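I have placed the structure first, in the form of structure tokens, so that the comments after it can refer back to it.
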Amino acid sequence: MATQRLRMKFLRVSSIFSILIALVISPACSGSVDGDIDAYCALVEENFEIGLSNSGIELEDLEALLAVSPKEIIKVVEKLRNSLADIAEIDELDQLFAATYDPGALVAQQKFEIYNADECGISVEAIAAALKVNQGLIEEELVEFLESNDVFSSWIEKVSISLVFDGITVQGAEVTFLTSAEQGQALEVCHAISLWMYALKEAEGGILVFDDSREIVRRNASDTKCVEV
């Protein structure tokens, strides 16, 4: 009997000890699933397009963000991720329109922006300003490329070039001749920007060339050459 009582007492002590161990370990375990606010904020800041609605957000960016999202924002990020995944799989235009303007996704986007501003100090205005600076730098890069090639010198001073952006990536280019284009110059402009945009930047999108307000040359994203219109 004494041996049995001793065994029962040992089992009770072991059980209590196991519970205490579980209580000590569980906060550390829960911390691993509560996200990482520093990593979360770093990802939002690094990938500017995550912080803006309708801006070319990549699904893998939201997947990475979801992996480190703190528990108070994880449902919101899940909603944004799921909405983007749904849109990517939709072919029908009416369904795509409905999904794009999903009220739940719009509310989630608003909560997302508020959380980023409050917890990370990253406002939508700050992100938009950073994107604008980035756009300016890339446009300068294009101009420097054109100015460094003498073959383009006959028209480089005659055009105004504006790149089209979707969030953070180049989606196309628009060129306007400030004075009337000479024979063949519009095609030369289109060819030059095609070289920079498709070969050097590996970007997608179309190129439009205007003489004043009249479109004279274009290259669609799916085409392989510039054509007069």
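Key figures
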read-out: Pairs, first closer than 13 Å to Ile193 by Cβ in region 214-226, second acidic (Asp, Glu) and exposed (fewer than 14 other Cβ atoms within 10 Å of the Cβ), C-beta under 9 Å, six or more apart; value: Val217/Glu228; Arg218/Glu228
read-out: Test: residue in region 138-148 that is modelled with pLDDT under 85, not polar (S, T, N, Q) and not in a loop (DSSP other than H, G, I, E, B); value: no
read-out: Test result for Leu96, part of a helix (DSSP H, G or I), modelled with pLDDT of 60 or more and at negative phi; value: no
read-out: Residue within region 124-136 that is touching a residue at least 24 places away in the same chain (Cβ under 8 Å), in a helix (DSSP H, G or I) and surrounded by 18 or more Cβ atoms within 10 Å (Cβ to Cβ) present; value: yes
read-out: Test for Thr169: is it β-branched (Val, Ile, Thr) and surrounded by 12 or more Cβ atoms within 10 Å (Cβ to Cβ); value: yes
read-out: Qualifying residue in region 146-164 (condition: among the hydrophobic types (A, V, I, L, M, F, W, C) and touching a residue at least 60 places away in the same chain (Cβ under 8 Å)); value: no
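The values are calculated or read from the model by the stated rules, or taken from the named source; none is laboratory data. Computed from a prediction, not measured in an experiment: that's the story for all the values here. Every residue, glycine among them, receives a Cβ derived from its backbone with ideal geometry; neighbour counts consider all protein chains shown.
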